[in-house]
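Student: The structure's right below; bear with me while I get my questions together.
Where a number appears in this text, it was derived from the coordinates with a stated rule and is not lab data. Just so you know, these numbers come straight off a predicted model, no measurement behind them. Every residue, glycine as well, gets a Cβ built from its backbone with ideal geometry; the counts of neighbours run over all protein chains shown.
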Amino acid sequence: GAPWYTCMDEEEQKRKDVQFYQEADALIRATKDDIMRINWRLPYDVYAERVLEEISEFTEIEIVPAEEHTLEITHKDSNKSEGLMVLSDIYEIDPENIMAIGDSYNDAMMLAWAGTGVAMGNACDEALNAADYVTASVDDDGIRKALEHFGVIE
């Protein structure tokens with residue numbers, strides 16, 4: 001299926017301020033504003049070097065391949081492990097009591113940080129190497145199987 005943001009109707013795209021850019025110059029200009037996240041689909045391999053070089057001149061960014069042919073460009077302090085750290089502080093939960101489940105490059109730091117990092121069976125090497133446990137694939141009920149394995153559900 002299409003990524004979640006292309007499945008939104010126009011009203012939801014407006015409400016969430018989803019923007020689409022077809023030209024590298026338009027993307028570069030847009031990043032000078034306050035943007036939380038950019039997901040970049042093909043052909044990032046054609047424009048990636050130029051755009052990333054120009055963007056990095058005026059902002060602190062982190063670039064992570066999220067899946068094949070997709071880059072996630074976020075602020076350097078905006079990643080999944082940082083989000084879990086904030087939530088663990090708010091709810092006073094020690095990291096060793098947190099389970100994180102993921103399958104992609106952008107999940108590796110989160111899996112390494114959590115007390116229990118679970119990689120899906122279909123995960124990339126970075127996620128697999130960061131995980132404490134590998135479950136079945138997404139298509140084979142891997143999340144449910146991991147939760148059962150660790151006694152979270154029966």
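Student: Could you tally the net charge around Leu111, taking each other residue with its Cβ under 11 Å from the Cβ of Leu111, Lys/Arg +1 and Asp/Glu -1?
Tutor: On the way: positive: Lys80; negative: Asp103, Asp107, Glu126, Asp132.
So the environment of Leu111 carries a net charge of -3.
Student: Tell me, what ³J(HN,Hα) does each residue in segment 128-136 have, in order and in whole Hz, if you take phi through Karplus 6.51 cos²θ - 1.76 cosθ + 1.60 with θ = phi - 60° and put x for Gly and Pro?
Tutor: 4, 5, 7, 7, 8, 8, 10, 9, 5
Student: Counting Lys and Arg as +1 and Asp and Glu as -1, what is the net charge of the other residues whose Cβ lies under 12 Å from the Cβ of Val152? Spell out each step's value before the answer.
Tutor: On the way: positive: Arg144, Lys145; negative: Glu148, Glu154.
Overall, the nearby charge balance is 0.
Student: In addition: If you count, for each residue, the other Cβ atoms within 10 Å and average over each peptide, how do 111-118, 140-147 line up from highest to lowest? Don't jump to the answer; show the numbers that get you there.
Tutor: Details: 111-118: 20.8, 140-147: 16.0.
The densest-packed peptide leads the list: 111-118, 140-147.
Student: May I pose another question? According to a simple spin-label model (label point 7 Å from Cα along Cα-to-Cβ), what is the distance in nm between Ala30 and Lys16?
Tutor: Each label point lies 7 Å from its Cα, and together they span 1.4 nm.
Student: Given R₀ = 25 Å, FRET efficiency for Val152-Glu60 by Cβ-Cβ distance, to 0.05? Each step should come with its number before you reach the end.
Tutor: Working: r = 36 Å, r/R0 = 1.46.
That gives a FRET efficiency of 0.10.
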